[in-house]
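Quick note: the coordinates plus some simple rules give every number you see, no bench work behind them. Not measured: the values here are computed from a predicted model. Reconstructed Cβ throughout: ideal geometry from the backbone, glycine too, with neighbour counts over all protein chains shown.
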Amino acid sequence: MQRAFDKARALGVIEAVVNNAGVLGPVAPIGSIAADDFDRHFRTNVLGVLIGIQLALRSREAGRPLRVVNVSSGASTRAFSGWAAYCSSKAAVNMLTQVAAREHDDGETSVIAVAPGIIETAMQRAIRGTDRAHFADVDRFVELKNTGQLLHPADAAVALAWLVLAAPRSLSGKLVDARDDEVQAAVAQWSRGREQGWAKARAWFDELEPLG
Ligand SMILES: NC(=O)c1ccc[n+]([C@@H]2O[C@H](COP(=O)([O-])OP(=O)(O)OC[C@H]3O[C@@H](n4cnc5c(N)ncnc54)[C@H](OP(=O)(O)O)[C@@H]3O)[C@@H](O)[C@H]2O)c1
């Protein structure tokens, strides 16, 4: 991560950081989760976000704004059987966001968590492939896919871009749900006129990783 920040700094001033990397597994009942798997999960989903926030703060330029967006999940506030690691690590991301926002309430810094919605990525494909014995809600996620209710990654990226570039600083410390009507309206208004850019992003993504 340090190398990535060094490279970014060489390109210019860092004013925004998105902590997006995350894993879902282990998916298993609490009684059978291996401690090492839980630890590995937390190293990515929580320690990764902590280090991302720290590097953002250290790499920032004095007097310039800094926005950190931490990708959380609806599962951070809603329990799913089998997702003890994921639900609790994303809840920890929300709290890291709150604490960082409180510690840096300086008029320049904002730290926001986002539940981005249900997006058709490799993670969703993995969810649909989960053993029903370990994850009781698997049929619901298969149904969402079959009824066309999953977001395209490029559409989820529009909401992230709004959060990074345009969302009010009053959201600092909050968990923003991209599915909220108010948020969707703000994103739609902001992205008006930028449709061509998003269409390009969508085409680029489809070429990179055709959705199954
Ligand atoms: N998809 C959804 O419906 C959904 C819903 C709510 C929240 N989210 C959140 O959105 C974020 C992105 O998820 P996704 O759906 O795009 O999942 P994904 O398809 O599984 O992609 C996960 C990404 O995280 C990276 N990553 C995982 N472990 C890493 C590590 N230890 N170090 C560096 N990078 C690592 C992966 O990099 P590599 O490809 O190099 O492994 C990949 O780019 C996650 O935080 C996830 O929890 C997703």
Got a sec to turn the phi values of the range 79-90 into Karplus ³J(HN,Hα) couplings, 6.51 cos²θ - 1.76 cosθ + 1.60 with θ = phi - 60°, whole Hz, x for Gly and Pro? 7, 10, 4, x, 10, 4, 5, 5, 4, 6, 5, 6
Counting helices only, and only those DSSP H runs with n ≥ 4, report the 222 nm mean residue ellipticity of the chain as the sum of -39,500 (n - 2.57) divided by its residues, in deg cm²/dmol to the nearest 500. -15000 deg cm²/dmol
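Can you give me the convex hull volume of the Cα atoms of the range 10-208, divided per residue and expressed in Å³?
143 Å³
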In whole Hz and in residue order, list the ³J(HN,Hα) couplings for the range 71-76 that follow from phi through the Karplus curve 6.51 cos²θ - 1.76 cosθ + 1.60, θ = phi - 60°; x for Gly and Pro. 7, 9, 6, x, 6, 6
What size of dipole, in debye to the nearest 20, comes out for the chain about its Cα centre when the only charges are +1 on Lys and Arg C-beta atoms and -1 on Asp and Glu C-beta atoms? 340 debye
Distant-in-sequence amide H partners of T109 (H built 1.01 Å from N, under 5 Å): L66
For the range 137-178 and the range 67-93, what is the separation of their Cα centres, given in Å? 14 Å
Excluding residues on the same chain fewer than 8 positions from K200, give the lysines whose Cα lies under 28 Å from its Cα. K7, K145
Partners for K90 among lysines (Cα-Cα distance below 19 Å; same-chain residues under 8 apart left out): K174
Relative exposure of K145, K200, K90, judged by other C-beta atoms within 10 Å (fewest first): K200, K145, K90
